[in-house]
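Heads up, the thing below is written out as structure tokens.
What follows draws every value from the coordinates through simple rules; no lab data is involved. Not measured: the values here are computed from a predicted model. Cβ sites come from the backbone with ideal geometry, for glycine too, and all protein chains shown count toward neighbours.
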Amino acid sequence: MPFSTELQKTLDPYLGRQWIDSHCHFDFENFDCQREEHWQVLQTLGCVGLVIPGVMAKGWDKLIGLCESKPWGYALGLHPYFLDEHLADDIDALASLAREKMTQSLLSESSPLVAIGEFGLDYALEGADQVKQRDLCLQQLLLAEELGLPVILHVRKAYDEMAAMVRRTGFRHGGIIHAFSGSLQQGQALIALGFKLGIGGAISHSRATKLRKTLACLPLESIVLETDSPDMRPAFWSAQDNSPLTILLLAQIVASVQNLSLDQVIFASNNNVLAAIPRLEIIIPYMNTGDLG
Ligand SMILES: [Zn+2]
């Protein structure tokens, strides 16, 4: 088993709830040895679905294969972090693969492409080619618009630029701003453009007071829980790789910041993920989303 019995005991009070991790990289090789065992544990803890974004062309086939016959929705995209590894024709390959998957999913109910992503603008990356980033970002945004799909956006130090690009293109299918860390004003602008904001491990760190303050003011219907596993380890997590199961503990932090109950946060996140990424309903047909009163 990938987790100690001690940890599973810690999680006992959280059992009996259904939840989704709206952003994890469960396809990464970190999970190769124990992916199936890990998934079994997640299910016993109430996980009913994962959203797994693609990051580069050479990982797409593995990702699609893994999602087959699982309630894992995959996205396809070219991540700005791996700019140097993307080949010139990867964007064309992305467009034709995504078009093919959309046509296929009309005929079958398994393994749907649920979004384009993750892609975006990362101006915190030192020495990165911002012109190339913008070009790649724009092309993926236009592809999502063409296919009528939401997007999963990776944005650092470029929230205003991202919002401006969405406005300029008239993109109207929304999606999720992964690991949101902007100001309240930037968050509100993105919410107004139809996006939900991904909240994850960053809020658990003691230095993240500004982010927690922003989170306290964000409307609950704009928040989705995510882990970015195996990355973005929360402060309370000592294992080397992050796990989707930390969603439950992150939900607890959001609940205390927003002065809500754990159930209110988890149910709202579930509802918000399904609203942002509607095609997840193909693989997660029923969820108890609770009575939010
Ligand atoms: Zn990610």
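Numbers below:
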| read-out | value |
| --- | --- |
| Fraction in percent of alpha-carbon pairs per bin - 5 Å, the chain | 1, 6, 13, 17, 20, 18, 14, 8, 3, 1, 0 |
| At most 11 other Cβ within 10 Å, DSSP loop - GluC sites (Glu not before Pro), segment 99-171 | Glu109, Glu126 |
| Whole-angstrom Cα spans of segment 47-179 along principal axes, big to small | 41, 31, 29 |
| Cα centroid separation, segment 90-158 to segment 216-259 (Å) | 25 |
| Of every Cα-Cα pair in segment 148-210, the percent that sits beyond 21 Å | 20 |
| 222 nm mean residue ellipticity, helices alone, for the chain (DSSP H n ≥ 4; -39,500 (n - 2.57); rounded to 500) | -12000 deg cm²/dmol |
| Burial order of peptide ranges 128-137, 163-172 (average beta-carbon count within 10 Å, highest first) | 128-137, 163-172 |
